[in-house]
Amino acid sequence: RPPRSGSVGEALTGYLRDQAAALRTLDPAVRLDEPDSVHRMRVHVRRLRSALAAHRRILDRTATDPLDHELRWFGKVLGRARDAEVIAGRLGAQAEDLPPEGHPAETAARIRTWSGARYREAHHAAVRAMDGRRYFALLDAVERLAERPPLKGRATRGRAEARRMLDRQRGRAARRLDQALDMAPGPQRDGRLHRARKAAKRARYAAESVTPFAGRPADRLRKRAKGIQQPLGAHQDGVMGERALAGIADAGPPDDRSAFGLGILHARQRADAARQVKQAAKARKRLAG
C-alpha cells in the first residue's frame with residue numbers, strides 16, 4: 001500500500017525517490033569523469049544507507065539489509081577514487097604554499113603525479129564495476145525501493161515517530177564522540193573519532209530525510225550534526241594525509257628534491273588536530289540542546 005499522507009513513511013518515500021533519481025542522473029557524469037561527480041554520487045549512496053539504517057524500525061529489514069550490503073560495496077568502489085581525489089587537492093594545495101627550501105613546485109608535482117595515477121586506476125575500476133551486472137542489479141533494487149518501500153505498520157505514524165528516530169540518531173552520534181574524547185591521542189582514538197564522524201554524518205542525513213516533515217527538530221539536528229562532522233572530517237583528512245605522504249615518499253628516490261617538502265607536509269598534517277577535536281567537542285555540547 002502507498003504510505004499514508006502526512007506520515008513518516010510518506011516523508012521517507014519521497015526522500016528515497018529523490019536519492020534514486022540522483023543516482024540515475026549522476027551515472028553518465030561519473031562515467032565521463034565530470035568534476036566532483038564521483039563525490040556527489042558517493043554522497044547519495046551514503047544518504048540512501050543512512051536512511052535505511054535510521055528508519056530501520058519502520059522498514060522490513062529482510063528486504064533492506066541485502067540492499068544496504070550492495071550500497072556499501074558500491075560506496076567503497078567510489079571511495080577509492082574519491083580518497084585519491086581528496087589527497088591530490090589537499091596535499092597539492094599545501095605543497096604549493098611550502099617555503100622555497102621545501103621545493104614547492106617539485107613537491108606539488110610529485111604529489112599530484114602519485115595521486116593522479118591512483119585516481120585514474122580507481123576511476124577505471126569504478127567504471128568497470130558500473131558496466132557489470134552487480135551494479136545494474138543494484139540500480140534496479142534502488143528503483144524498486146523508491147517505488148514501493150517495504151514499510152511496516154508504524155510507518156503510518158506522524159511527526160512523533162520521526163522525532164523519536166532523530167533522538168536515536170542524536171544519541172548514537174553523541175555516544176560515539178564521547179567514547180572518542182575519553183581516549184588519549186593515538187591511532188585508537190583516531191579510529192574512534194572516524195566512527196564518531198560517520199555517526200554524525202548519519203544523523204545529519206537522517207535529519208535530511210524527514211525535513212521539513214519533522215519541522216525544526218530535524219533542521220536543528222542536521223545543522224548540529226554537520227558541526228561535528230566537519231571538524232572530524234578535517235581531522236580524518238590529516239590522518240589520511242600522513243599515510244599518503246609516507247606512501248609517496250616510499251615510492252620515489254630518497255634524494256629527490258621534493259623529499260624535504262614531503263617531510264614538512266607530513267609534520268603539518270596534525271598541526272591543528274587538537275583544535276579540530278576541541279571544535280567537535282564544543283559542537284557535541286550543542287547537540288544535546
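Quick notes
Every residue, every condition in (1) modelled with pLDDT of 95 or more; (2) in contact with a Cys (Cβ under 9 Å, 6 or more places away or on another chain); (3) under 30 Å from MET240 (Cα atoms), yes or no:
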site	(1), (2), (3)
VAL142	yes, no, no
MET165	yes, no, no
GLY171	yes, no, yes
ARG176	yes, no, yes
ALA180	yes, no, yes
PRO185	no, no, yes
ARG197	yes, no, yes
ALA203	yes, no, yes
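- 2 or more residues over 21 Å from ARG90 (Cα atoms) and of a type in the set (A, V, I, L, M): qualifying helices (runs of 4 or more DSSP H) within region 179-289: 187-209, 216-251, 273-287
- Conditions (1) surrounded by fewer than 16 Cβ atoms within 10 Å (Cβ to Cβ); (2) assigned to a helix (DSSP H, G or I); number of the one not met by GLU34: (2)
- Single residue of region 260-287 satisfying the filter (surrounded by 14 or more Cβ atoms within 10 Å (Cβ to Cβ), under 24 Å from the mean Cα position of the chain (by Cα) and without any contact (Cβ under 8 Å) to a residue 60 or more places away in the chain) that is farthest from ALA105 (Cα to Cα): ALA283
- Any hit, region 250-258, residues being touching a Ser or Thr at 6+ places or on another chain (Cβ under 9 Å) and within 18 Å of ALA84 (Cβ to Cβ): yes
- Subset of region 183-216 that is over 30 Å from ARG159 (Cα atoms) and among the small types (Gly, Ala, Ser) - its residue that is nearest to the chain's Cα centre (by Cα): GLY191
- Residue match in region 160-168 (condition: outside any loop (DSSP other than H, G, I, E, B), without any contact (Cβ under 8 Å) to a residue 24 or more places away in the chain and either touching a Phe, Trp or Tyr at 6+ places or on another chain (Cβ under 6 Å) or of a type in the set (Asp, Glu) (or both)): yes
- Pair list, Cβ < 8 Å and 6+ apart or interchain, from region 134-159 residues that are in a helix (DSSP H, G or I) to residues that are among the polar types (S, T, N, Q): VAL142/GLN19; LEU145/THR64; ALA146/THR13; ALA146/GLN19; ALA155/SER7; THR156/SER7
- Residue check, ARG112 farther than 25 Å from PRO66 by Cβ, at pLDDT below 95 and part of a helix (DSSP H, G or I): yes
- Per this entry, GLU106 is counted among residues that are part of a helix (DSSP H, G or I), of a type in the set (Asp, Glu) and either over 30 Å from ILE264 (Cα atoms) or touching a residue at least 12 places away in the same chain (Cβ under 8 Å) (or both).
- Residue count for region 50-66 satisfying the condition of being crowded, with 21+ Cβ neighbours inside 10 Å and within 19 Å of the chain's Cα centre (by Cα): 5.
- Where LEU91 falls short, out of the listed (1) within 20 Å of the chain's Cα centre (by Cα); (2) within 21 Å of PRO3 (Cα to Cα); (3) in contact (Cβ under 8 Å) with a residue 24 or more places away in the chain: (2)
- Residue check for SER209: in contact with a Leu (Cβ under 7 Å, 6 or more places away or on another chain) and not charged (D, E, K, R): yes
- Selected residue [at pLDDT 95 or above and out of contact with any Asp or Glu (no Cβ under 6 Å at 6 or more places or on another chain)] from ALA207, ALA274, ALA214, ALA246: ALA207
- Test: residue in region 14-22 that is within 26 Å of ARG164 (Cβ to Cβ) and of a type in the set (A, V, I, L, M, F, W, C): yes
The values are calculated or read from the model by the stated rules, or taken from the named source; none is laboratory data. Predicted model, so just to flag it, every value in this text is computed and none were measured. Glycine also receives a Cβ, built like all others from the backbone with ideal geometry; neighbour counts cover every protein chain displayed.
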